[in-house]
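K.L.:
Just dropping this structure here.
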Amino acid sequence: MPAGALATKRSTSSRFSGISAGCLAGLLALFLLSFSWALDLAKMERLVVERFGQNRIGLLRDWQSILVAMRGLADREKLLKINDFVNRRIEFEDDLSIYNQSDYWATPLETLGRGRGDCEDFAIIKYFSLMESGVPLAKLRLVYVRARIDDGPGPRLLAHMVLAYYPTPNAEPLVLDNLVPEILPASRRSDLQPVFSFNSEAIWNGVAGNSARGPGGTAQLSRWQDLLLRARREGFE
């Protein structure tokens, strides 16, 4: 079933004499991004090159650019941009093929570095991206669901993860999904059967905004705790 480029100081104006206005604007945007958000962007770029090669840096930088472009936008605009970017630029592939594991939750850096991921990875990078763009944590939950898939002689249910956005605490959530590219209210996703939802602060027994919190908090989600720790080590603070 879930969210953050570089700033190298140049001291003399002569070094910029051959750089276009567009390049200067891009450098300024990246500087503002690193100044405003708790992201170690230089570290993230270094890790992508070390782990995945120089040719994988492009997707990370495109992601950084879209985060810059989203600053100041309304939440709904941010949802549309991130959902579209991730669904278009990340290729779906199962964990067994990518990580040789049956169930692995990738950090945003791993997903960007490989350019591939499964449903959990799609939801997780959307979650981190929206948080880094300024969407309040209280409005975001990762939701574990059973998705009805109609691609054979009969429907089947698959374990799946999506990201839910709550405009207000008790509002019907909007669903960001890699199976259905359009962002829809939960009531229009009859193909999804919610099981539980969670974010970095809590876990809920259902998906409704007023659902009861589960006992023990997110400590019971060992994969989630491990992912948060790895993400912090990779530059997400």
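What follows is calculated from the coordinates using simple rules that are stated; it is not laboratory data. What you see is a predicted model; the values in this text were computed from it and never measured. Using ideal geometry, Cβ is built from the backbone for each residue, glycine included, and neighbour counts are taken over all protein chains shown.
K.L.:
Starting with the highest mean, order 194-205, 102-113 by the number of other Cβ atoms within 10 Å, averaged over the residues of each peptide.
P.N.:
102-113, 194-205
K.L.:
Under the Karplus relation 6.51 cos²θ - 1.76 cosθ + 1.60, θ = phi - 60°, what is the ordered set of whole-Hz ³J(HN,Hα) values for the stretch 134-145, x standing for Gly and Pro?
P.N.:
x, 6, x, 4, 4, 8, 10, 9, 7, 10, 7, 9
K.L.:
Now for a different question. Could you pull out every one of the aspartates and glutamates with an alpha carbon less than 18 Å from that of K139, ignoring same-chain neighbours closer than 8 positions?
P.N.:
Once the sequence-local aspartates and glutamates are set aside, what remains near K139 is D75, E77, E172, D177, E201.
K.L.:
Net charge near R71, counting Lys/Arg +1 and Asp/Glu -1 over other residues with Cβ under 14 Å of its Cβ?
P.N.:
Value of the local net charge: -1.
K.L.:
While we're looking at this one, here's another question. Could I get the Rg over Rh figure for the stretch 19-233? Both from C-alpha atoms, Rh via Kirkwood, rounded to two places.
P.N.:
We get a ratio of 0.97 for the stretch 19-233.
K.L.:
Is there a pair in K43/K126; K81/K126; K43/K81 whose C-alpha atoms are over 18 Å apart, and which pairs would that be?
P.N.:
Where the Cα-Cα span goes over 18 Å, the pairs concerned are K43/K126; K43/K81.
K.L.:
What are the ³J(HN,Hα) couplings of the stretch 116-126, residue after residue, when phi is run through the Karplus curve with 6.51, -1.76, 1.60 and θ = phi - 60°? Round to Hz, x for glycine and proline.
P.N.:
After applying 6.51 cos²θ - 1.76 cosθ + 1.60, I find 9, x, 9, 4, 4, 5, 4, 5, 5, 5, 5 Hz.
K.L.:
Between the stretch 46-62 and the stretch 176-237, what is the separation of their alpha carbon centroids in Å?
P.N.:
28
K.L.:
Then there's this: In nm, give the distance between the simple-model label positions of E91 and R76, each being 7 Å from the Cα along the Cα-to-Cβ direction.
P.N.:
3.5
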